[in-house]
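Read through the structure below, which is laid out as structure tokens, and then see the notes.
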Amino acid sequence: MKNLTIKLTFYLLIFLSFSCQSNKNQSSSENTEMIILHTNDMHAKIDNFPRLAFVVDSIRSTNPNVILVSAGDLFSGNVYVDQYEPKGKPIIDLMNEVGFELNVLGNHEFDYGQNILNDRIAQANFPMVCANLRNINAELKPMKAYEYLTFSNGTKVAFLGLLEAFVDSIPSCHPNKVHGLKFDNPLEVASDYAFLQDSADLYIALSHMGYEYDLKLAENNPEIDAVIGGHSHTKLDTGEWVNSVLVTQTGSYVKDLGVLRIKPGKTGKYEIKSEMISLSNGTEDRQIREKVTSYIENPYFKEKIHELDLALNGDDDLGRLMTDAFRVQGNADFGMQNSGGIRVKSFDAGAVTIGDVFALDPFGNDLLVLEMTNEEIKSLIMNGYKDRGEKVKVSGLEYEIKEGKVNLFDTEGNTMPEKRYKVAMNDYMYNAFEFDHVNSAKASGITTTEALIIYLKSLSEIGVRYN
Ligand SMILES: [Zn+2]
């Protein structure tokens with residue numbers, strides 16, 4: 001109760017401060033405060049939208065000079081959005097309702113494929129921007145590098161969109177999803193747009209590059225007034241100043257709303273302050289809550305397919321489940337899975353639903369089977385370890401990495417005999433990992449998510465519990 005009182009007082013203070021400011025605005029146009037509200041890495045977490053809508057509306061009701069933007073990664077992270085038919089529709093619908101005005105393309109915007117992305121952009125009442133993207137021969141419709149948004153008081157803001165593309169010159173997504181697109185280094189591209197400084201009253205970089213690169217951008221480009229960031233899920237409560245450029249980011253999953261409060265300064269430059277409003281709890285917008293509820297009432301995802309005696313915790317347990325399922329359903333000797341594709345932290349003991357499996361493995365990758373030699377398997381494991389900083393999850397074999405070398409063992413701990421083995425893996429690993437292989441992979445005919453569903457169902461049918 002005490003907590004609640006403190007929180008209510010906090011919000012009251014925020015609203016009072018906005019309304020005081022708003023009164024000042026009426027008395028002097030020079031003192032007009034402008035507010036840019038921002039989110040990033042929402043990852044389809046629509047459950048906090050009723051709270052977001054309430055806070056945004058409250059701020060708008062006290063000040064007409066409000067702009068609301070998103071710094072990328074709208075999709076992938078909630079089965080009710082990612083597996084909705086059509087994919088991603090619910091979050092765009094809700095963003096339209098709340099009145100978003102702009103989004104920079106995030107790497108996960110490609111997850112549903114370029115055609116679906118075109119549909120989602122067409123559905124959105126707001127544009128998407130990206131300056132370091134060139135369409136060579138792609139399905140994705142051309143996109144603007146920057147966009148101007150204007151506050152009610154006439155102050156014009158230029159927003160430049162920048163997307164990370166530092167590993168293999170593509171964003172962190174399935175390589176097959178970005179066919180026909182070329183990505184330039186966003187840090188290099190940013191300097192080509194220095195003219196935006198003079199074309200608007202404020203110049204803001206809407207970045208999906210990650211915190212570390214946002215700092216570099218600010219260092220190299222002092223003409224930018226602020227960097228509103230995303231991708232690294234970094235929460236900067238009051239922002240950071242580099243080179244008189246404000247760098248900010250709100251964490252992720254619609255847990256916080258970023259607030260930039262902008263006032264004309266004495267020297268002709270604008271004074272910008274950055275703060276964060278927690279969206280974790282508090283009053284919700286009733287209509288938006290009803291809409292969210294209607295999207296998550298999908299009986300298909302609630303179907304129970306298995307019962308666990310014990311919880312599966314962390315990448316090791318969940319990776320074991322995934323690789324076991326791939327090995328069995330792919331009729332292979334071994335199963336493999338990259339840790340980055342394990343998208344939940346645990347499965348509780350008790351019921352496992354189809355929704356849980358989609359949350360664990362949301363990408364709809366095909367399950368492939370590749371014939372590999374011992375050396376080829378080692379090369380794949382080593383690429384994960386050295387270049388991607390992860391220990392690939394495996395089933396049907398064991399391995400150790402010692403003195404820069406991979407040693408393979410069978411499940412009894414004996415050195416693995418040299419021969420060709422059938423290895424089942426998702427097509428992301430096959431395409432994105434750089435490893436030696438002579439053969440090409442064969443499609444199993446099912447996706448990895450289907451493999452998991454079939455595997456858990458078949459265990460239930462014969463009365464075996466996976467633990
Ligand atoms: Zn991202």
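The values are calculated or read from the model by the stated rules, or taken from the named source; none is laboratory data. What you see is a predicted model; the values in this text were computed from it and never measured. Backbone-built Cβ (ideal geometry, glycine too); neighbour counts: all protein chains shown. Surface accessibility is based on the protein's heavy atoms, side chains included, excluding ligands, DNA and RNA. Shrake-Rupley method; radii C 1.70, N 1.55, O 1.52, S 1.80 Å.
Checked against (1) among the small types (Gly, Ala, Ser); (2) within 16 Å of the ligand (Cβ to nearest atom); (3) in contact with a strand residue (DSSP E or B) (Cβ under 9 Å, 6 or more places away or on another chain), Ser199 meets all criteria but (2).
Close Cβ contacts (under 7 Å, 6 or more residues apart or on different chains) running from residues in segment 151-175 that are touching a residue at least 60 places away in the same chain (Cβ under 8 Å) to residues that are among the acidic types (Asp, Glu) and more than 14 Å from the ligand (Cβ to nearest atom) comprise Thr155/Asp201; Val157/Asp201; Phe159/Glu147. You will find that of Phe334, Phe363, Phe326, Phe347, the residue that is open to solvent by 20 Å² or more (accessible area, probe 1.4 Å) and either assigned by TED's automatic domain parsing to the domain that holds Ala451 or not β-branched (Val, Ile, Thr) (or both) is Phe363 and no other.
Output the residues belonging to segment 254-288 that are assigned to a loop (DSSP other than H, G, I, E, B) and either at pLDDT below 95 or of a type in the set (Lys, Arg) (or both).
First, the residues of segment 254-288 that are assigned to a loop (DSSP other than H, G, I, E, B): 254-255, 265-269, 279-285.
Passing the criteria: Lys255, Gly265, Lys266, Thr267, Gly268, Lys269, Ser280, Asn281, Gly282.
Among the candidates Thr267, Thr250, the residue that is out of contact with any Pro (no Cβ under 7 Å at 6 or more places or on another chain) and surrounded by fewer than 21 Cβ atoms within 10 Å (Cβ to Cβ) is uniquely Thr267. In segment 196-223, the qualifying residues are those that are more than 20 Å from Asp73 (Cα to Cα) and in contact (Cβ under 8 Å) with a residue 60 or more places away in the chain, and the one that is least open to solvent (accessible area, probe 1.4 Å) is Leu202. Just to verify a result, which residue in segment 124-168, among those that are closer than 15 Å to Met209 by Cα and open to solvent by 70 Å² or more (accessible area, probe 1.4 Å), is nearest to the chain's Cα centre (by Cα)? My answer is Val167.
Against the definition (loosely packed, with under 10 Cβ neighbours inside 10 Å, among the small types (Gly, Ala, Ser) and touching a strand residue (DSSP E or B) at 6+ places or on another chain (Cβ under 9 Å)), how does Gly413 come out, yes or no? If you could, list the steps in order and put the result at the bottom.
Details: loosely packed, with under 10 Cβ neighbours inside 10 Å: yes; among the small types (Gly, Ala, Ser): yes; touching a strand residue (DSSP E or B) at 6+ places or on another chain (Cβ under 9 Å): yes.
Answer is yes for this residue.
Of the numbered criteria (1) within 16 Å of the ligand (Cβ to nearest atom); (2) among the aliphatic types (A, V, I, L, M); (3) out of contact with any strand residue (DSSP E or B) (no Cβ under 7 Å at 6 or more places or on another chain), the one Ile228 fails is (3).
So is Leu217 over 30 Å from Gly350 (Cα atoms) and assigned to a strand (DSSP E or B) or not? It would help to see each step written out before you state the result.
Numbers: over 30 Å from Gly350 (Cα atoms): yes; assigned to a strand (DSSP E or B): no.
In short, no.
Might you check whether a residue that is touching a Gly at 6+ places or on another chain (Cβ under 6 Å) and either within 16 Å of the ligand (Cβ to nearest atom) or assigned to a loop (DSSP other than H, G, I, E, B) (or both) occurs anywhere in segment 56-71? Scanning segment 56-71 turns up at least one residue that is touching a Gly at 6+ places or on another chain (Cβ under 6 Å) and either within 16 Å of the ligand (Cβ to nearest atom) or assigned to a loop (DSSP other than H, G, I, E, B) (or both).
Residue check: is Gly413 at positive phi and under 33 Å from the mean Cα position of the chain (by Cα)? It would help to see each step written out before you state the result.
Working: at positive phi: yes; under 33 Å from the mean Cα position of the chain (by Cα): no.
Spelling it out, it is not the case that Gly413 is at positive phi and under 33 Å from the mean Cα position of the chain (by Cα).
Considering only segment 237-247, I want to know if a residue exists there that is open to solvent by 10 Å² or more (accessible area, probe 1.4 Å), within 16 Å of the ligand (Cβ to nearest atom) and at positive phi. No, there is no match, as no residue in segment 237-247 is open to solvent by 10 Å² or more (accessible area, probe 1.4 Å), within 16 Å of the ligand (Cβ to nearest atom) and at positive phi.
Mind checking whether some residue in segment 366-379 is surrounded by 19 or more Cβ atoms within 10 Å (Cβ to Cβ) and of a type in the set (S, T, N, Q)? Among the residues of segment 366-379, not one is surrounded by 19 or more Cβ atoms within 10 Å (Cβ to Cβ) and of a type in the set (S, T, N, Q), which makes the answer no. Taking the criterion of being part of a loop (DSSP other than H, G, I, E, B) and open to solvent by 10 Å² or more (accessible area, probe 1.4 Å), the residues of segment 77-99 that qualify are Gly77, Asn78, Gln83, Tyr84, Glu85, Pro86, Lys87, Gly99.
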